[in-house]
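Here's the structure, in structure tokens; my notes come after.
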Amino acid sequence: MPKITHFFLVLLFITCLGKLEGQRFGMGFNAGFILSQLDGDGYTGYDKIGMRLGLRGQAFISEKIDFIIELNWEEKGSKFESEDPEQSSKIKNRTVGLAYAEVPLIFRVYHRKRDHLFFEAGASISYLVKNRFTSTNVEESLENYRSIADEFNRSEWNLVLGGGYAFGPRFGLLFRTTIAVNHLYRDLSVLEKLNNLPADDDVPIVQLRNYLMSVGAYYNL
């Protein structure tokens, strides 16, 4: 968590520079919706819906290039199915919820000019603040997740790619995809034996990695 605090101080520093340097720096807010999944839990699909809220600092490096730093609260995880005794088909009624504090460091390149199409690339560091495991079926248990929660890697490095459209100097829309570089959880002792087995509630969890897509908007003050 101290690393997140350091990045927050950098964001405040950029904000102060923005007051001094006028058009060279700016600060604002961003918000969006997240669709996420955990690779390695035996299930697929960006089915977990979450939110992202945060502050942003933006440095205008050149006519077509910006550097952006953000401090975000984001919700990700996984939503997957099990056999519901009341229905004949499978429904996705089990949820792994993960709440992170995230600091992305991003370079933005505009296609033509600032009020136009842009592309983004960068990296982010995230810190796992809390987790939650739920099921709409009271007879089910997510004990296999709860039993390994204390071994989750709280610090996470991510690759960030995306783009969007700036409607002007203040407001724009964003699309991003984020891939975790390191695993949320990994059990090397059983990885080789279980790597090719199909998904099964009785099989221990071997490894977990976060993936997400997000859409949102930003506003510069």
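What spacing in nm lies between the two simple spin-label points modelled at His111 and Asp47, each 7 Å away from Cα in the Cβ direction?
Here the answer is 3.5 nm between the modelled labels.
Just order 52-60, 150-158, 26-34 by mean Cβ neighbour count inside 10 Å, highest at the front, would you?
Top of the packing list down: 52-60, 26-34, 150-158.
Quick query: amide H of Gly172 versus all other amide H atoms, modeled in the peptide plane; which residues come in under 5 Å with a sequence gap of 5 or more or a different chain?
The list, which skips near neighbours in sequence, is Phe167, Tyr218.
In whole Å, what are the Cα extents of the stretch 148-188 along the three principal axes, biggest one first?
Computed over the Cα atoms, the extents are 48, 16, 11 Å.
No value in this document is a laboratory result; all are computed from the given coordinates. Treat the numbers as computed from the prediction; the structure is a model and nothing was measured. All Cβ positions, glycine included, derive from the backbone under ideal geometry; neighbour counts span all protein chains shown.
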